[in-house]
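Novice: So that we are looking at the same thing, I have put the structure below in structure tokens.
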Amino acid sequence: MENLYAVVVTYNRAGFLQNLLDSFDRLGTRPARIIVVDNASTDDTADVVTRAAAAGGTPIQYERLPENVGGAGGFSRGVEVALAAGAEWLWLMDDDVEVLPGAVDALAKFTPEYSCLIGRRYDANGKPFFWQHHFVEALGVFLPVSRDVFRHSDVFRTNVGNFEGMLIKASVARSIGLPDPRFFITWDDLIYGWLAAQQTPVVYVNAFVIKKVREQRQVDLIVRHLNDSSDLSRRYVMRNRGHVAQYLRAHGKYHRVGFGAGTALTFLKELFRLAAVERTLKGTGQLWRGWRESRAILGDRSWQPMPAVDVKPRR
């Protein structure tokens, strides 16, 4: 896997970032460069990056943004920087994970055949983290696949992404464009994977490469795990339905009635999350706020998808 760049987006989680950068240095095969995109953190993130860079491990490029543009904006900038620098592969991840020894080699086994893939990960307790989803275009929602997807094969065909270790070839990223910063948070990685799946197989592979470090409250629903959330996430889960609809519309796959049903299902899922995981319904107002904002986005006739990237890499 030539010229692999890791793109890490961080915001006010210097401790988690330090742990992630340390884990990169424990790899046998390492990325050619780590791009750390800092969403205008106010903690000691800059010091953590400076010390890590001075330690002489994996080369680090630090991109501090003037304001917090959310995870979506951070990944958009990080992918832009990596492509401009000549990356051939991009490994996209949040700051609250760590990479496992042998991760690059484990993923590299699949890259001769696949150009977009997601490896398995453990949760903070060291147990396999449930993630095997499929985006149902008619509803505009992603649903869990409950069966053991690796029972007969080490590759599961999916059509969504995840920015906790998604690996994507630069040529695919150039074609589908940068991650859309308009999402701010949530849905951005799922749709980025869906866009990739319009051009190339996107696969979930049977190789544990990531561990989630940040603990989250969750309930086990057997067919999936449901984690805790925040008022900001609740708002954007509903708000970004507007962008999801626009992407479906741009690809001729938007179904008004089905999408409306999917929006209702999304709302009910978030209500269940509030009740079952967080034991409150106080965040309901943010769901309604996000839904109203989604209507305005959906009604924007000037909306356009992210363009292909035509900037030539620097050599």
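Novice: Which value in nm describes the separation of the simple spin-label points at Glu113 and Asp154, placed 7 Å from the Cα toward the beta carbon?
Specialist: The two pseudo-label positions are separated by 0.9 nm.
Novice: Rounded to whole Å and sorted largest first, what semi-axes of the equivalent ellipsoid does the C-alpha gyration tensor of segment 48-93 yield via the square root of 5 times each eigenvalue?
Specialist: Taking √(5λ) for each eigenvalue gives 19, 16, 9 Å, largest first.
Novice: Next question. Do me a favour and compute the ellipsoid semi-axes for the chain from its Cα gyration tensor, root of five times each eigenvalue, largest one first, whole Å.
Specialist: That gives 29, 22, 21 Å for the three semi-axes.
Novice: Further question: Restricting the count to DSSP beta bridges whose residues both fall in segment 104-220, what percent are antiparallel, rounded to a multiple of 5?
Specialist: Of those bridges, close to 65 percent are antiparallel.
Novice: Within 10 Å of each candidate Cβ there may be at most 10 other Cβ atoms; applying that plus a DSSP loop requirement, which trypsin sites (Lys or Arg not before Pro) in segment 242-301 survive?
Specialist: Here the sparse-neighbourhood loop sites are Arg279, Lys282, Arg301.
Novice: Rounded to the nearest 500, what is the 222 nm mean residue ellipticity of the chain from helices alone, with -39500 (n - 2.57) per DSSP H run of 4+ residues and division by all residues?
Specialist: -11500 deg cm²/dmol
Novice: Given an 8 Å cut-off on Cα distances and at least 6 residues of separation, report the relative contact order of the chain as a percent.
Specialist: The normalised contact order for the chain reaches 20 percent.
Novice: Straight-line reach only, C-alpha to C-alpha below 17 angstrom: list the aspartates and glutamates that Lys169 could link to, leaving out same-chain residues fewer than 8 apart.
Specialist: By straight Cα distance, Lys169 reaches Glu2, Glu80, Glu88, Asp105, Glu113, Asp189, Asp310.
Novice: Take every Cα-Cα pair in segment 1-156 and report what % of them are more than 19 Å apart.
Specialist: 59 percent
Novice: Could you tell me the center-to-center distance, by alpha carbons, between segment 89-111 and segment 264-315 in angstrom?
Specialist: 27 Å
Novice: Could you give the Stokes-Einstein D for segment 96-208 in µm² per second, using the C-alpha Kirkwood radius, 37 °C, 0.692 mPa s?
Specialist: Value of D from the Cα-based Kirkwood radius: 224 µm²/s.
Novice: Can you give me the angle between helix 45-54 and the longest principal axis of the chain, using Cα atoms only, in degrees from 0 to 90, rounded to the nearest 10?
Specialist: Taking the Cα atoms of the chain, the angle to 45-54 is about 30 degrees.
Novice: Give the value in nm², to one decimal: projected area of the alpha carbon convex hull of segment 135-196, averaged over all directions.
Specialist: If I average the Cα hull's projected area over directions, I get 5.3 nm².
Novice: For segment 220-298, list log₁₀ I(q)/I(0) at each q in 0.18, 0.25, 0.26 Å⁻¹, using the Debye formula over Cα point scatterers of equal strength and ignoring solvent, two decimals each.
Specialist: Here log10 of I(q) over I(0) equals -0.74, -1.13, -1.18.
Novice: Right, something else. Taking amide hydrogens as modeled 1.01 Å from N in the peptide plane, which residues meet the under 5 Å criterion relative to Phe142, leaving out close sequence neighbours?
Specialist: Close amide H contacts, sequence-distant or interchain: Val136.
Novice: What is the set of long-range amide H partners of Gly177 at a cut-off below 5 Å, with H atoms built 1.01 Å from backbone N?
Specialist: The answer is Val309.
Novice: Given the Cα-Cα distance of Asp22 and Trp303 and 0.36 nm per residue of separation, how much length would full extension add, in nm?
Specialist: Difference between extended and current length: 97.0 nm.
Novice: Please give the helix 14-25 orientation as an angle from the longest Cα principal axis of the chain, in degrees from 0 to 90, rounded to the nearest 10.
Specialist: On a 0 to 90 degree scale, this one is about 50.
Novice: Here's another thing I want to ask about it. Roughly how far apart, in whole Å, are the Cα centres of segment 11-77 and segment 131-164?
Specialist: 29 Å
Novice: Right, here's the next one. Could you tell me what percent of the DSSP beta bridges with both partners in the chain are antiparallel, to the nearest 5?
Specialist: 50 percent
Novice: What is the set of long-range amide H partners of Ala207 at a cut-off below 5 Å, with H atoms built 1.01 Å from backbone N?
Specialist: The list, which skips near neighbours in sequence, is Arg120.
Throughout, read-outs are computed from the coordinates displayed, never taken from laboratory work. Because the structure is predicted, anything quoted here is derived from the model rather than measured. Please note: Cβ atoms are built from the backbone with ideal geometry, for glycine as well, and neighbour counts cover all protein chains shown.
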